[in-house]
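The values are calculated or read from the model by the stated rules, or taken from the named source; none is laboratory data. Worth saying up front: this structure is predicted, and the values here are computed from it rather than measured. All Cβ positions, glycine included, derive from the backbone under ideal geometry; neighbour counts span all protein chains shown.
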């Protein structure tokens, strides 16, 4: 379907969240990748579920993945997405930039 293809290419907030959750699942499936994320975020493995409910956590997951091009490409391919899809989801979850000129 054309509409489904469009949604897959340009995620809205709901699909951006779903893509971030899928990305977290890919990180969690690889202990080395997950430990890198946890070390950088300061979150312990026991607190991961609680932290995942806090605002901004999923954006942080995508920030982590987008900061490493090889990881970004690997996860995007494993999710049958493009790196640009993941980056767009990251930007959607981040929300609009602040208006510094106001």
Evaluation of residue 43 against (1) out of contact with any helix residue (DSSP H, G or I) (no Cβ under 6 Å at 6 or more places or on another chain); (2) assigned to a loop (DSSP other than H, G, I, E, B); (3) at negative phi (one fails), failing number | (1)
Do we find that residue 38 is in a helix (DSSP H, G or I), under 13 Å from the mean Cα position of the chain (by Cα), modelled with pLDDT of 90 or more and buried (at least 16 other Cβ atoms within 10 Å of the Cβ) in this structure?
-> no
Residue 81: surrounded by 13 or more Cβ atoms within 10 Å (Cβ to Cβ), modelled with pLDDT of 95 or more and part of a loop (DSSP other than H, G, I, E, B), yes or no?
-> yes
So which of 95, 101 ends up being modelled with pLDDT under 90 and under 14 Å from the mean Cα position of the chain (by Cα)?
-> 95
